[in-house]
Amino acid sequence: MRCLRPNPRRAYIVITMKTRIVRIGNSRGVRLPKPLIEQAGLGEEVELRVQAGAIVIQASAQPRAGWADAARQLADEHAGLLDEPAPTKFDRTDWQW
């Protein structure tokens, strides 16, 4: 494991290391050292994706994160619906007052 000198433009220390892919049952895996997990802010659940020949591990996003704040802001602005309701065939032909 090697630790690069902190860059004044970064708020973190870059840690790089080589490791082996190990067999875990019928799968393969990599053991992540605790300092890397802490630096990345990873919890119990992560998201994986392949990007440009690399496997990217990132913290899992919470479902509907920020929706409550957005709804409050919309209500504060009195914006109501995002779009005006569009009349349907029922509204145009079948509905009578």
Taking only Cα atoms of region 25-82, the Rg to Rh ratio with Kirkwood Rh works out at 1.23
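Excluding Leu32 itself, calculate the net charge of residues whose Cβ lies under 15 Å from the Cβ of Leu32, where each Lys or Arg counts +1 and each Asp or Glu counts -1. Write out the running numbers ahead of the final one.
Values: positive: Lys18, Arg20, Arg28, Arg31, Lys34; negative: Glu38, Glu44, Glu45, Glu47.
Once positives and negatives cancel, what remains is +1.
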What's the exposure ranking of Ser27, Ser60, going from fewest to most Cβ atoms within 10 Å? Ser27, Ser60
Can you tell me the FRET efficiency between Glu38 and Ala70 if r is taken as the Cβ-Cβ distance and R0 is 25 Å, rounded to the nearest 0.05? 0.25
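Each value in this text was obtained by applying a stated rule to the coordinates, not by laboratory testing. Computed from a predicted structure; not experimentally measured. Every residue, glycine among them, receives a Cβ derived from its backbone with ideal geometry; neighbour counts consider all protein chains shown.
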